[in-house]
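Have a look at the structure below before the remarks.
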DNA sequence: TATAATCATACCAAACAAGTAGGAATAGTA
DNA sequence: TACTATTCCTACTTGTTTGGTATGATTATA
């Protein structure tokens with residue numbers, strides 16, 4: 001039960017775009033700053049496409065930008081898209097797939113745990129993460145400026 | 001991000017043992033009732049051994065029993081043992097494994113989400129699940145007894 | 001001695017994760 | 001027009017993990 005790199009990198013990409021909203025940002029730039037391969041980022045962008053949160057410009061001087069304000073981008077959507085069905089349990093999503101689901105005492109457990117994360121993620125947006133990102137950057141710089 | 005069968009079956013095993021505390025229960029019995037292979041259950045039992053929640057008796061008429069009261073068996077321990085490190089993130093468990101962890105805005109996210117689950121699981125015990133199991137069985141029987 | 005159970009370990013096939021690779025389409029620039 | 005930098009598309013590869021099977025030893029009872 002680990003978090004995939006697609007989700008981790010996808011979040012980093014979106015935070016980067018959210019924190020740098022002037023003009024287009026190339027995947028190359030993100031790749032260098034976040035230490036990810038461009039090719040892998042391209043794949044991640046493809047997966048994110050259906051969410052319609054990215055504007056892309058092709059060709060020279062092209063790149064990406066968020067098409068919505070970061071506070072409109074819910075982490076729940078990102079998780080669901082990049083992590084398959086996050087915390088998916090067949091007996092929860094597909095009732096009937098487990099013959100004992102009627103009397104299965106663990107089923108409620110999965111429902112509860114899923115609800116726990118859904119509740120959390122639906123409250124959070126990319127904007128929350130961008131704020132932290134900027135705060136951290138700020139601190140980093142001020143630390144560096146000290147002797 | 002799915003829950004492994006080891007964890008699912010392990011829970012079912014422990015619930016079964018918790019609900020049937022008279023004498024030894026063989027893996028064969030659990031396997032038949034819960035529709036799992038005996039050999040696979042043997043593996044799961046091996047993984048659970050370090051937790052010291054099981055008494056085993058070898059030989060003919062042998063079997064397993066819980067060595068603690070179900071309410072003393074925390075789901076958190078079961079999850080951690082059967083699911084590797086549940087919701088593990090290197091950057092959280094092994095600070096320094098991620099070069100950017102100092103300014104990484106997603107790290108807090110993983111910490112929060114992990115805490116959400118840990119908090120939930122530490123409160124819950126096998127006893128909670130056993131109760132539901134027995135309640136369900138009860139209902140099932142009373143339903144069957146109706147015309 | 002036969003049988004029924006746990007215990008120990010090795011093996012295996014399929015799925016998945018994490019990326020690489022090659023190239024086509026597009027658009028600005030010299 | 002040719003060059004370059006980018007997104008877009010799709011296939012491939014490689015290693016790890018999952019979900020088991022298989023074989024057999026050990027132990028205890030009848």
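The values are calculated or read from the model by the stated rules, or taken from the named source; none is laboratory data. These numbers come from a predicted model, not from an experiment. Counting neighbours? That spans all protein chains shown, and the Cβs are built from the backbone with ideal geometry, glycine included.
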Worksheet entry | When residues of region A:113-127 are limited to those that are in contact with a helix residue (DSSP H, G or I) (Cβ under 8 Å, 6 or more places away or on another chain) and more than 7 Å from chain B (Cβ to nearest Cβ), the one surrounded by the fewest Cβ atoms within 10 Å (Cβ to Cβ) | A:122
Worksheet item: Name the residues in region A:26-66 that are more than 13 Å from DNA strand C (Cβ to nearest atom) and assigned to a helix (DSSP H, G or I), would you?
Response: A:29, A:30, A:32, A:33, A:48, A:49, A:50, A:51
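Given the residues A:7, A:27, A:51, which is the only one that is modelled with pLDDT of 95 or more and near DNA strand D (Cβ under 7 Å from one of its atoms)? If you could, list the steps in order and put the result at the bottom.
Numbers: A:7 fails: near DNA strand D (Cβ under 7 Å from one of its atoms); A:51 fails: near DNA strand D (Cβ under 7 Å from one of its atoms).
Within the list A:7, A:27, A:51, the selection yields A:27.
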Worksheet item: Looking at region B:128-138, which of its residues are more than 8 Å from chain A (Cβ to nearest Cβ) and at pLDDT below 75?
Response: B:138
Worksheet item: What is the number of the single condition among (1) touching a residue at least 24 places away in the same chain (Cβ under 8 Å); (2) part of a helix (DSSP H, G or I); (3) more than 25 Å from residue B:117 (Cβ to Cβ) that residue B:23 does not meet?
Response: (2)
Worksheet entry | When residues of region A:30-39 are limited to those that are within 11 Å of DNA strand D (Cβ to nearest atom) and touching a helix residue (DSSP H, G or I) at 6+ places or on another chain (Cβ under 7 Å), the one nearest to residue A:125 (Cα to Cα) | A:30
Worksheet, complete the sentence: Over region A:83-113, the set of residues at pLDDT below 90 and under 18 Å from the mean Cα position of the chain (by Cα) is A:84, A:85, A:86, A:87, A:88
Worksheet item: From the list B:18, B:10, which one is in contact (Cβ under 8 Å) with a residue 40 or more places away in the chain and either within 30 Å of residue A:5 (Cβ to Cβ) or within 10 Å of DNA strand C (Cβ to nearest atom) (or both)?
Response: B:10
Worksheet item: Which of (1) within 14 Å of chain B (Cβ to nearest Cβ); (2) over 11 Å from the mean Cα position of the chain (by Cα); (3) more than 11 Å from DNA strand D (Cβ to nearest atom) is the odd one out, the single condition residue A:74 does not satisfy?
Response: (2)
